[in-house]
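Scroll down for the structure; my scribbles are underneath it.
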Amino acid sequence: MTAMPAENTPRGLAVHWPLAAFTVAAVLVPTLLSGNRYLAFVAGMTLLHILWATGMNLLYGYTGLMPLMFAGLAGISAYFVVNLTSIGWSFWLALPVGTLAASVAGTILGLPSLRLKGFYFTLCSLVIQTVITLGFVYFASITNGDTGISQIPRPSIPGGGELTGLGYEIVIAVMAAIGIAVLMLIVRSPFGRRLAAIREDDGLAETLGINVTYQKLAAFFIGSLYAGVGGALYAPYIGFISPRSFDVLISMNIWLMVAFGGRGTIWGPVFGAMLLAPIPFLLQDYYTVKDILYGVLIIAVTILMPGGLASGFRRKVPKAAVAQDIPARRLDPRRAA
Amino acid sequence: MSNANLIILLSTLSTGLILGAIFALVAAGVTIVYGSIWMPNAANGQFFVLAALFGWTMTVGWGLSPWVAALLVIGLSVPLSYILEILLIRRFYDVPNRNISYFVLSLGITQILAGIYAITYGRWSDQFQLPPLVGGITLIGPFPIANNRLMVLAIALAILAALFILLRFHRYGRALRAVFQNREAATLRGVNVRAIYSLSFILGNAVIFAGGVLFALAYSFDLTVAWTMAITAFAIMIIGGPGSVLGAVVVGMVFGFTQAIVSIFASPTIAAFSYLGAMLLILLFKPSGVFAR
Amino acid sequence: MSDVLLDVRSLSKRFGGVVALRSIDLTQYSGETLGMIGPNGSGKTTFVNCITGHLKPNSGSVGFSGRAITARKPFELARVGLTRTYQAVRIFGELTVAENIAIAMVDAVDPVSPERYAELADWLRIAHRFQTQAGSLSLDEQRRLELMMRLVQQPKLIMLDEPVGGLSSSEVRAMIALLAELKAHSTIFIIEHTMKVIRELADKVVVLLAGEKLAEGAPAEILADQRVIDRYLGGGDA
Ligand SMILES: Nc1ncnc2c1ncn2[C@@H]1O[C@H](COP(=O)(O)OP(=O)(O)O)[C@@H](O)[C@H]1O
Ligand SMILES: [Mg+2]
């Protein structure tokens, strides 16, 4: 028992069965469903949300920040991709550029997290999301305003021709699997340990030698990559985007997938996305019922199962008297105990 | 000054006053709830629209007089808030980080109400207009103003004044302010903190409902006003200082005038950008707000 | 044994109108255990906060191991070997003991060897608690975990803010015994508001009163100092 703790020797990903099983299933499900294009499309959308939820999980579950501008970042990437491909760029070049744009934006917009915690950061991110949405409406020359951009062409493939539906779903499946693998590697790495420290008590983390500023921004950069890749893939896949595609409700939906599945676990948010993402597509005409259902789930998660599905209905043990949230008037990030 | 300019000036002034008074009401409601129970109620905009929609149903649907409808709507907020308080809000009173839980909870309520409006009222109409409280117009110099709007303004200001008197002079108001300042000390001095919490939740929502029904009596509205109002009320609360009713009223008035002025010279989007920008700056650099207690 | 480790020159700190520290000078040598006493509110914690980068002093300078470190960030100071604990114990309560220690090692410039790690865990009697959630430990165990999290970094100086606060008298004795052993190979700065711990451990004592340095010297001298007796010990606080 007195040896170094076991976590110090991270296992490789070489034979990670759950991940392998997920990857096979992610490719197989759309393939099997491809007889029914609509159901295959729902599977593709679900995989896309798994990718998003995994990125949100890095920020919310593992770093302890609730970034309600997540969908806005995805939107930045999507608008980049749509505009770049419309002036003749290849989708495969526009995707990394759009993703990078989202990441740079996410890192800059993550700066308030250096000063604000808990509710105040979340409120700030909500304001930022609202500003981004207003921006999407306002800069109509790029975004076509509230009307949105429709008939976004599918990516072409190197051999000539367009990416087929099934081909697209496989691309998304592979991206989702890579996203989960990256998160696993992060969680087991020293970087993951630093993020856990920041989530629990960033002041103490700093005292222990962790460069909190740098680590938080790194988390935002990487988390926004997920938003960006997802946004870039989303636009040509669904063929239509508007400011509504990336508004605060979408951020909340992705957040709910993470919270409902179980934040801070690898597979919880994946299950959360699997269960919740298909709902609006399957409801079809009763689409708006989704808002009510999601709203009820948000309340249920908050009240009944703060740990999400992953920890069932157990109420979380209250935190030791460490990180009390601070009322606004004492909000001084450098205040030491 | 030419007549045209004077009319623009007076119209800006009257719109600014009415909007300001309504913003002040809603923000005061939000700040009372936040200052006491630490609940940042993101659903305030949905409550606001709920009041407006109830007012519309009672007048246009049932043919009640707008006076009766306004009173009924405000009265109705009391049992509704109380039920909500018992079902959901109470559970978190002892949780240390409850403001974030409350925030998420209120976003859930927002989504439910928005969904309900979309499948009910949203199917009937996209603009809602209530009959006026009083008819006729008054001429102020060359400028005609509807008596109805003057009446709405007078009622809004009267409610604000009553709120101030309540908070300043009534036993409940003093207890509430003691809780704002220091919960533990208030408990030690024998204040029943839980009772104050319930009362504050009910009072705060009643004031928001009053704002909603008065807004509907003065202007026609649509369902999107909910989110705009929610964000605006938060901006006012943060800038005015969370928990400061005076701050909410002063900043609410300023926002009302800003809105009125900016909408003449530029698009409302610019007004929204400026609120949100101001709110971000305050959040980052002076999170206790301009009117810190 | 005689290098200057911590060198504080006319350090001052105000909070609005309140002067919390008034031009404090202080020198601590490597290997020397320095005790700082003073009644509650005299500025001891503020002094540590100003040195470890948790607060910015209004004026004055801090040197550590020959470097100017005034107002450097806490994480940079941890990396040059200056660390501290908090008056109210501060650990990652939701994580296990092992995770807490792993976090303390993640950015340690000179982490302990595995053998030393095991030795420390045994010595601090937390080895059997590795898989326990840190928040469910007793306060006494939490204090020892806190110490472990500093010692795995092999700091040059550990500043302890009231390390026996809230402990029972038998736990206090045990902690004093631990610190007495620790001072053989680490340089320690201890804050206490009573003489008890300081008298047994410190080589040199600094008395702080209302933000000013009232006296400085060996524990015996301080206990005999008439000014200290009159203005502080006279209050029956010792
Ligand atoms: N962050 C702060 N803001 C305002 N005043 C403070 C702050 N920290 C400490 N003080 C004040 O500085 C003085 C010294 O406090 P402190 O250093 O905590 O004393 P000690 O640790 O000796 O008990 C006290 O009057 C305290 O109220
Ligand atoms: Mg102290």
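The values are calculated or read from the model by the stated rules, or taken from the named source; none is laboratory data. Please read these numbers as outputs of a predicted model, since none were measured by experiment. When we count neighbours, we look across all protein chains shown, and the Cβ atoms used for this are built from the backbone with ideal geometry, even at glycine. When the accessible area is computed, the model is the full protein with side chains, heavy atoms only, and any ligands, DNA or RNA have been set aside. Shrake-Rupley method; radii C 1.70, N 1.55, O 1.52, S 1.80 Å.
How many of the residues making up the range C:27-44 are out of contact with any helix residue (DSSP H, G or I) (no Cβ under 8 Å at 6 or more places or on another chain) and either open to solvent by less than 30 Å² (accessible area, probe 1.4 Å) or more than 14 Å from ligand 2 (Cβ to nearest atom) (or both)? I'd like the intermediate steps shown before the answer.
Applying the first criterion (out of contact with any helix residue (DSSP H, G or I) (no Cβ under 8 Å at 6 or more places or on another chain)) to the range C:27-44 yields C:27-32, C:34, C:40-44.
Filter once more, so that each one left must be either open to solvent by less than 30 Å² (accessible area, probe 1.4 Å) or more than 14 Å from ligand 2 (Cβ to nearest atom) (or both): C:27-32, C:34, C:42-44.
So the answer is 10.
Can you pull out the helices (runs of 4 or more DSSP H) entirely within the range B:186-293 that have at least 2 residues that are free of Cβ contacts under 8 Å to residues at least 40 places away in the same chain and crowded, with 23+ Cβ neighbours inside 10 Å?
On the way: elements: B:193-218, B:225-240, B:245-265, B:268-285.
In the range B:186-293, no matching helices (runs of 4 or more DSSP H) lie anywhere.
Please verify whether the range C:219-235 includes one or more residues that are open to solvent by less than 10 Å² (accessible area, probe 1.4 Å), more than 16 Å from ligand 2 (Cβ to nearest atom), among the hydrophobic types (A, V, I, L, M, F, W, C) and modelled with pLDDT of 90 or more.
Checked the range C:219-235: no residue is open to solvent by less than 10 Å² (accessible area, probe 1.4 Å), more than 16 Å from ligand 2 (Cβ to nearest atom), among the hydrophobic types (A, V, I, L, M, F, W, C) and modelled with pLDDT of 90 or more.
Let me spell it out: the conditions are (1) touching a Ser or Thr at 6+ places or on another chain (Cβ under 7 Å); (2) surrounded by fewer than 24 Cβ atoms within 10 Å (Cβ to Cβ); (3) closer than 30 Å to B:Leu87 by Cβ, and A:Gly262 meets all of them except one. Which number is the exception?
The number of the failed condition is (2).
Within the set of pairs 6+ apart or on separate chains, which have a first residue in the range C:118-132 that is closer than 16 Å to C:Glu99 by Cβ, a second that is of a type in the set (Lys, Arg) and open to solvent by less than 100 Å² (accessible area, probe 1.4 Å), and C-beta atoms under 7 Å apart?
If the second residue must be of a type in the set (Lys, Arg) and open to solvent by less than 100 Å² (accessible area, probe 1.4 Å), the pairs left are C:Ile126/C:Arg144.
For residues that are at the interface with chain A (Cβ under 7 Å from one of its Cβ atoms) and either under 24 Å from A:Leu293 (Cβ atoms) or open to solvent by 10 Å² or more (accessible area, probe 1.4 Å) (or both), tally how many sit in the range B:89-108.
Initially, the range B:89-108 is screened for residues at the interface with chain A (Cβ under 7 Å from one of its Cβ atoms), giving B:91, B:96-97, B:99-101, B:103-105, B:107-108.
Within this subset, residues satisfying the condition of being either under 24 Å from A:Leu293 (Cβ atoms) or open to solvent by 10 Å² or more (accessible area, probe 1.4 Å) (or both) are B:91, B:96-97, B:100-101, B:103-105, B:107-108.
Going through the range B:89-108 one residue at a time, the tally reaches 10.
Just to verify a result, which residue in the range C:184-195, among those that are away from ligand 2 (no atom under 16 Å from the Cβ) and open to solvent by 50 Å² or more (accessible area, probe 1.4 Å), is nearest to the other protein chains (Cβ to nearest Cβ)?
C:His185
Is it the case that some residue within the range C:1-12 is more than 16 Å from ligand 1 (Cβ to nearest atom), of a type in the set (A, V, I, L, M, F, W, C) and either open to solvent by less than 20 Å² (accessible area, probe 1.4 Å) or assigned to a helix (DSSP H, G or I) (or both)? Reasoning before the result, please.
Step one: list which residues in the range C:1-12 are more than 16 Å from ligand 1 (Cβ to nearest atom), which gives C:1-7, C:9-10.
After this cut, where a residue has to be of a type in the set (A, V, I, L, M, F, W, C) as well, the list is C:1, C:4-6.
Now narrow it down to the ones that are either open to solvent by less than 20 Å² (accessible area, probe 1.4 Å) or assigned to a helix (DSSP H, G or I) (or both): C:5-6.
Yes, the range C:1-12 has at least one match.
Against the conditions (1) in contact (Cβ under 8 Å) with a residue 40 or more places away in the chain; (2) within 16 Å of ligand 2 (Cβ to nearest atom); (3) buried (at least 16 other Cβ atoms within 10 Å of the Cβ), where does C:Gly60 fall short? Just the number, please.
For C:Gly60, the exception is condition (2).
For the range C:42-82, give me the residue count where each residue is within 15 Å of ligand 1 (Cβ to nearest atom), among the hydrophobic types (A, V, I, L, M, F, W, C) and within 7 Å of chain A (Cβ to nearest Cβ).
So the count comes out to 1.
Only residues that are under 13 Å from B:Asp222 (Cα atoms) and without any contact (Cβ under 8 Å) to a residue 24 or more places away in the chain: list them for the range B:121-147, please. I'd like the intermediate steps shown before the answer.
Restricting attention to the range B:121-147, the residues satisfying the condition of being under 13 Å from B:Asp222 (Cα atoms) are B:121-130.
Hits for the range B:121-147 are B:Arg123, B:Trp124, B:Ser125.
Name the pairs whose Cβ atoms lie under 6 Å apart, with the first residue in the range C:16-41 and among the small types (Gly, Ala, Ser), the second surrounded by fewer than 20 Cβ atoms within 10 Å (Cβ to Cβ), and 6 or more positions between them or separate chains?
Once the first residue is among the small types (Gly, Ala, Ser) and sits in the range C:16-41, its partners that are surrounded by fewer than 20 Cβ atoms within 10 Å (Cβ to Cβ) give C:Ser23/C:Ser10; C:Ser23/C:Ser12; C:Ser30/C:Asp3; C:Gly31/C:Met1; C:Gly38/C:Leu209.
Just to be sure, is C:Thr85 within 14 Å of chain A (Cβ to nearest Cβ), open to solvent by 10 Å² or more (accessible area, probe 1.4 Å), within 16 Å of ligand 1 (Cβ to nearest atom) and modelled with pLDDT of 95 or more?
Working: within 14 Å of chain A (Cβ to nearest Cβ): yes; open to solvent by 10 Å² or more (accessible area, probe 1.4 Å): no; within 16 Å of ligand 1 (Cβ to nearest atom): yes; modelled with pLDDT of 95 or more: yes.
Answer is no for this residue.
When you scan the range C:105-120, how many residues do you find that are closer than 22 Å to A:Gly209 by Cα and either more than 7 Å from chain A (Cβ to nearest Cβ) or within 20 Å of the chain's Cα centre (by Cα) (or both)? Full working, then the answer.
At the first step, the residues of the range C:105-120 found to be closer than 22 Å to A:Gly209 by Cα are C:105-114, C:116-118, C:120.
Narrowing the set further to residues that are either more than 7 Å from chain A (Cβ to nearest Cβ) or within 20 Å of the chain's Cα centre (by Cα) (or both) leaves C:105, C:108-113, C:116, C:120.
Qualifying residue count for the region: 9.
Which one of the conditions (1) within 16 Å of ligand 2 (Cβ to nearest atom); (2) more than 30 Å from C:Gln131 (Cα to Cα) does C:Ser23 fail to meet, given that it meets all the rest?
With (1) within 16 Å of ligand 2 (Cβ to nearest atom); (2) more than 30 Å from C:Gln131 (Cα to Cα) applied to C:Ser23, the lone miss is (1).
If I filter the range C:102-116 for residues that are open to solvent by less than 10 Å² (accessible area, probe 1.4 Å), within 16 Å of ligand 2 (Cβ to nearest atom) and touching a residue at least 40 places away in the same chain (Cβ under 8 Å), do I get at least one hit?
no
Scan (1) within 21 Å of A:Gly209 (Cβ to Cβ); (2) open to solvent by 10 Å² or more (accessible area, probe 1.4 Å); (3) free of Cβ contacts under 8 Å to residues at least 60 places away in the same chain; (4) more than 7 Å from chain A (Cβ to nearest Cβ) for the single condition C:Glu94 breaks and write down its number.
Among (1) within 21 Å of A:Gly209 (Cβ to Cβ); (2) open to solvent by 10 Å² or more (accessible area, probe 1.4 Å); (3) free of Cβ contacts under 8 Å to residues at least 60 places away in the same chain; (4) more than 7 Å from chain A (Cβ to nearest Cβ), the lone unmet condition for C:Glu94 is (4).
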